[in-house]
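Asks: Take this structure, written in structure tokens, and hold onto it; I'll ask about it next.
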There are 2 protein chains.
Amino acid sequence: MKSAPDWIAHPDTPYLLIDEAKLKSNINYLKQRVESLGSHLRPHLKTLRTLEAAGYLLDSKSAPATVSTLAEAEAYAKAGYTDLLYAVGIAPAKLKRVAALRQQGINLHILLDNITQAQAVVDYAAEFGQDFSVFIEIDSDDHRGGIKPSDSKLLTIAKTLGEHFTGLMTHAGGSYACNTEQGLKNFAKQECDAVRIARNNLETAGIHCAITSVGSTPTAHFGEDFSDISEVRAGVYTTFDLVMKNIGVCDFSHIAMSVVTTVIGHNKEKNWLLTDSGWMALSRDSGTAGQNRDFGYGQVCKIDGSVLDGLCVNSTSQEHGVIELSDAYQLEDFPVGHQLRIMPNHACATAAMHPVYHVLMSDGSHNTWQRITGW
Amino acid sequence: MKSAPDWIAHPDTPYLLIDEAKLKSNINYLKQRVESLGSHLRPHLKTLRTLEAAGYLLDSKSAPATVSTLAEAEAYAKAGYTDLLYAVGIAPAKLKRVAALRQQGINLHILLDNITQAQAVVDYAAEFGQDFSVFIEIDSDDHRGGIKPSDSKLLTIAKTLGEHFTGLMTHAGGSYACNTEQGLKNFAKQECDAVRIARNNLETAGIHCAITSVGSTPTAHFGEDFSDISEVRAGVYTTFDLVMKNIGVCDFSHIAMSVVTTVIGHNKEKNWLLTDSGWMALSRDSGTAGQNRDFGYGQVCKIDGSVLDGLCVNSTSQEHGVIELSDAYQLEDFPVGHQLRIMPNHACATAAMHPVYHVLMSDGSHNTWQRITGW
């Protein structure tokens, strides 16, 4: 563990800190892994939502990327990125914004899983002479949306879309409930198999499927064969978090995000530290509560990033955090004014609370990145 | 229930909607209540964090207000507000920003509960010739910070502060765990009694306490006598939310905040609606889960605001919400493209996810307000 540079103590707390060296390492690892297994990444940019992070995740302005909002698509398009998948089922009223980006030369792909959406796309296309690029969402794990690979509606929707149909997409969000190596391998195969079956059903019916897209951070890290899959999506691997550690995808040492906080008081009777990082800085996400290890609202670390074993943020209000000290720690070790770092349960949720990120560059210097906000 | 004006369907979803008529009614009710009980409000601006909401909450630029971050204090000061209490224990490193505002003529009060903070204040004051205005936090309910009213440290801290000492503040956040009228009345009395005892102990020692400040939304609405209390603070009453409804402070009809969402898909096997409002729009706050009625991630309403009894958002991912229909509802009643409104569990947390709010004005017209972000 390298000691923290002096500047880390200077921004007013709470603030979000990104560790560039870990970020780069996480990004490079998965890129190489997926390419060695015969596919390519389409990184999901939703975790950090900054142009700077996109620069690390994407090799070129034409590299494929995934976004979770049209606001992101518009911001990345403005910065020159041209191949964007908006991976939330399209609301018909949003087609106008999609069309506006496509008219600017952005290959913005959209997603849908029902005939009402497909009909809205072809109606819009006919009325305005607009071409679209549409992925159909396949349900590979029964956890949210999509249609089953062998559902006859798949053919109906693809035929309705006609020339606007591009490919198949699935996201095994259910993999978050796994935490064994074999379970994750199985989930990754299940995800791939779902689009393989769907693709086969389409091709048997004479419909060409140009792209197959699978992925979640756990399955991208445990899949064993992506050779017949066009692309793999993952997002939170950029920084990782405690939920991913509990699943077994990363360890503490890979987590590239933390919130820097200051001790502002003690409750001596209860052996509590009070800090200035509440849920406004950490988020209300308690995603580790149902996992094998509950980190409360985050794992407490020293300011240099080293983990303080057994210490987590036990409760939060808007701008206060409470850390209950175990017998291994003394209040006197954490005087008022002392700074700590908190690793997040869920990096996407914690980053969402911060309009600006502070970045510890690999050479120890300090950058700031602006988050793209809104929808 | 008035029907919703046409414009409500036009902004892209998800978006935050504020009902101005309800906001004004909530604000006026509590102002009159507290004044009729012999005190004054120092509204907490942390729920909406906008200059426009401050305009409704504060009668003049010199009216007392409460903030949860220095970023808010700086923004309100820039807009001309001059009496601001930063109600989070001060980190010594933040005194420089406090001093900068005070040098601009802003009476920014700070809060503390320990001798380390008090010493930092007097040291800074001595070094830079700066005056401060300090509230000491009293612990009235054993739930977070503050010192007990009869703790001898109260006198030590007040004496250390000397001329910088202004008053006593307490916040009975523990009142959120109540849900009976008598329980809330008792909590309000407990909150007032804590500062009464502390004030008496100070005055017996010859220390003048100029201001006593109490409050939380529940206790402000149930207190029966504030006649010897200088001011009462409350924040979330501005819009109310489902947590407050469960406590018994408001009913559905008072809730002035909702998130407008669009149905983007159905899971027919499970009788689920999929919407475009996930935790990014609703927040991860599940604050009603431990209360007498669990609203999941929010109560579902028609677009005109009328409550759909028994329907709530059952689960969320980043940009998806899942609403599980009970037998009383049919998927066909909620076609793809249909819009709904979601009442929030916790208005402060939901508002925090939105950089812009859309406002339904009393005359049916449309405004937008910008949120003050960061720390």
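Asks: Of everything in the range A:346-373 that's small (Gly, Ala, Ser) and over 16 Å from the mean Cα position of the chain (by Cα), which residue is nearest to residue B:371 (Cα to Cα)?
Replies: That would be A:365.
Asks: Can you pull out the strands (runs of 3 or more DSSP E) entirely within the range A:1-94 that have at least 2 residues that are more than 15 Å from residue A:369 (Cβ to Cβ) and at pLDDT 95 or above? So that I can check it myself, show each step before the final result.
Replies: Numbers: elements: A:15-19, A:64-67, A:83-89.
Hits in the range A:1-94: A:64-67, A:83-89.
Asks: May I pose another question? Please work out which one of (1) more than 14 Å from chain A (Cβ to nearest Cβ); (2) out of contact with any helix residue (DSSP H, G or I) (no Cβ under 7 Å at 6 or more places or on another chain); (3) surrounded by 24 or more Cβ atoms within 10 Å (Cβ to Cβ); (4) among the hydrophobic types (A, V, I, L, M, F, W, C) is the condition residue B:342 fails and give its number.
Replies: All conditions pass for residue B:342, except number (2).
Asks: I need a count of the residues in the range B:276-291 that are closer than 30 Å to residue A:147 by Cβ, of a type in the set (Ser, Thr, Tyr) and more than 9 Å from every other protein chain (Cβ to nearest Cβ).
Replies: Residues meeting the conditions: 1.
Asks: I need the full set of residues from the range B:1-52 which are among the basic types (Lys, Arg) and either surrounded by fewer than 21 Cβ atoms within 10 Å (Cβ to Cβ) or more than 14 Å from chain A (Cβ to nearest Cβ) (or both), in order please. Talk me through it step by step, then tell me what you get.
Replies: Looking only at the range B:1-52, we keep the residues that are among the basic types (Lys, Arg), and these are B:2, B:22, B:24, B:31, B:33, B:42, B:46, B:49.
Selection gives B:2, B:22, B:24, B:31, B:33, B:42.
Asks: Just one of the numbered conditions (1) surrounded by 16 or more Cβ atoms within 10 Å (Cβ to Cβ); (2) at pLDDT below 95 is not true of residue A:290; which one?
Replies: (1)
Asks: Test residue A:251 against the criterion of being over 16 Å from residue A:17 (Cα atoms), within 11 Å of chain B (Cβ to nearest Cβ), in contact with a Phe, Trp or Tyr (Cβ under 9 Å, 6 or more places away or on another chain) and of a type in the set (D, E, K, R), and give yes or no.
Replies: Numbers: over 16 Å from residue A:17 (Cα atoms): yes; within 11 Å of chain B (Cβ to nearest Cβ): no; in contact with a Phe, Trp or Tyr (Cβ under 9 Å, 6 or more places away or on another chain): yes; of a type in the set (D, E, K, R): yes.
Judged against the criteria, residue A:251 is not a match.
Asks: Can you report the number of residues in the range A:326-339 which are over 31 Å from the mean Cα position of the chain (by Cα) and surrounded by 18 or more Cβ atoms within 10 Å (Cβ to Cβ)?
Replies: 3
Asks: Within the set of pairs 6+ apart or on separate chains, which have a first residue in the range A:195-209 that is under 10 Å from residue A:158 (Cβ atoms), a second that is assigned to a helix (DSSP H, G or I) and among the basic types (Lys, Arg), and C-beta atoms under 9 Å apart?
Replies: Cβ pairs passing all conditions: A:205/A:159; A:207/A:159; A:209/A:199.
Asks: Whether any residue in the range A:294-302 is surrounded by fewer than 18 Cβ atoms within 10 Å (Cβ to Cβ) and either more than 8 Å from every other protein chain (Cβ to nearest Cβ) or in contact with a Gly (Cβ under 6 Å, 6 or more places away or on another chain) (or both) is what I want to check.
Replies: yes
Asks: Among (1) in contact with a His (Cβ under 9 Å, 6 or more places away or on another chain); (2) surrounded by 16 or more Cβ atoms within 10 Å (Cβ to Cβ); (3) of a type in the set (Val, Ile, Thr), where does residue A:368 come up short?
Replies: (2)
Asks: While we're here: What are the residues in the range B:161-175 that are under 14 Å from residue B:141 (Cα atoms) and buried (at least 21 other Cβ atoms within 10 Å of the Cβ), if any? Working first, answer last.
Replies: Of the range B:161-175, the ones under 14 Å from residue B:141 (Cα atoms) are B:169-175.
Hits for the range B:161-175 are B:169, B:170, B:171, B:172, B:175.
Asks: Quick check on the range B:307-325. Is at least one of its residues touching an Asp or Glu at 6+ places or on another chain (Cβ under 9 Å), closer than 24 Å to residue B:247 by Cβ, surrounded by fewer than 19 Cβ atoms within 10 Å (Cβ to Cβ) and within 14 Å of another protein chain (Cβ to nearest Cβ)?
Replies: Within the range B:307-325 (the criterion being touching an Asp or Glu at 6+ places or on another chain (Cβ under 9 Å), closer than 24 Å to residue B:247 by Cβ, surrounded by fewer than 19 Cβ atoms within 10 Å (Cβ to Cβ) and within 14 Å of another protein chain (Cβ to nearest Cβ)), the answer is yes, since at least one residue qualifies.
Asks: Follow-up question, since we're still on this one. So in the range B:99-135, with the set limited to residues that are within 12 Å of chain A (Cβ to nearest Cβ) and assigned to a strand (DSSP E or B), which one is surrounded by the fewest Cβ atoms within 10 Å (Cβ to Cβ)?
Replies: Checked the range B:99-135; the qualifying residue surrounded by the fewest Cβ atoms within 10 Å (Cβ to Cβ) is B:111.
Asks: Another question, if that's okay. Exactly one condition in (1) free of Cβ contacts under 8 Å to residues at least 40 places away in the same chain; (2) buried (at least 21 other Cβ atoms within 10 Å of the Cβ); (3) more than 29 Å from residue A:222 (Cα to Cα) is not met by residue A:70; state its number.
Replies: Just one mismatch for residue A:70, condition (1).
Asks: Does residue B:268 qualify as being more than 10 Å from chain A (Cβ to nearest Cβ) and over 24 Å from the mean Cα position of the chain (by Cα)?
Replies: no
Asks: Name the single residue that is farthest from the chain's Cα centre (by Cα) among those in the range B:136-156 being of a type in the set (Val, Ile, Thr), within 14 Å of chain A (Cβ to nearest Cβ) and over 15 Å from residue B:208 (Cβ atoms).
Replies: B:147
Asks: Now a separate question. Is one or more of the residues making up the range A:290-299 touching a residue at least 24 places away in the same chain (Cβ under 8 Å) and hydrophobic (A, V, I, L, M, F, W, C)?
Replies: Yes, because at least one residue in the range A:290-299 is touching a residue at least 24 places away in the same chain (Cβ under 8 Å) and hydrophobic (A, V, I, L, M, F, W, C).
Asks: Among the numbered criteria (1) more than 13 Å from chain A (Cβ to nearest Cβ); (2) farther than 17 Å from residue B:131 by Cα, which one does residue B:70 miss?
Replies: (1) is the only condition that residue B:70 fails.
Asks: Something else: Can you find, within the range B:4-42, the residue that is nearest to residue B:303 (Cα to Cα) among those that are among the β-branched types (Val, Ile, Thr) and out of contact with any helix residue (DSSP H, G or I) (no Cβ under 7 Å at 6 or more places or on another chain)?
Replies: Among those residues, the one meeting the criterion is B:8.
Asks: Read through the list (1) touching a strand residue (DSSP E or B) at 6+ places or on another chain (Cβ under 7 Å); (2) under 20 Å from residue A:263 (Cα atoms), then give the number of the only condition that residue B:102 fails.
Replies: (2)
The values are calculated or read from the model by the stated rules, or taken from the named source; none is laboratory data. From a predicted model like this one, the values you see are computed outputs, not experimental measurements. Every residue, glycine among them, receives a Cβ derived from its backbone with ideal geometry; neighbour counts consider all protein chains shown.
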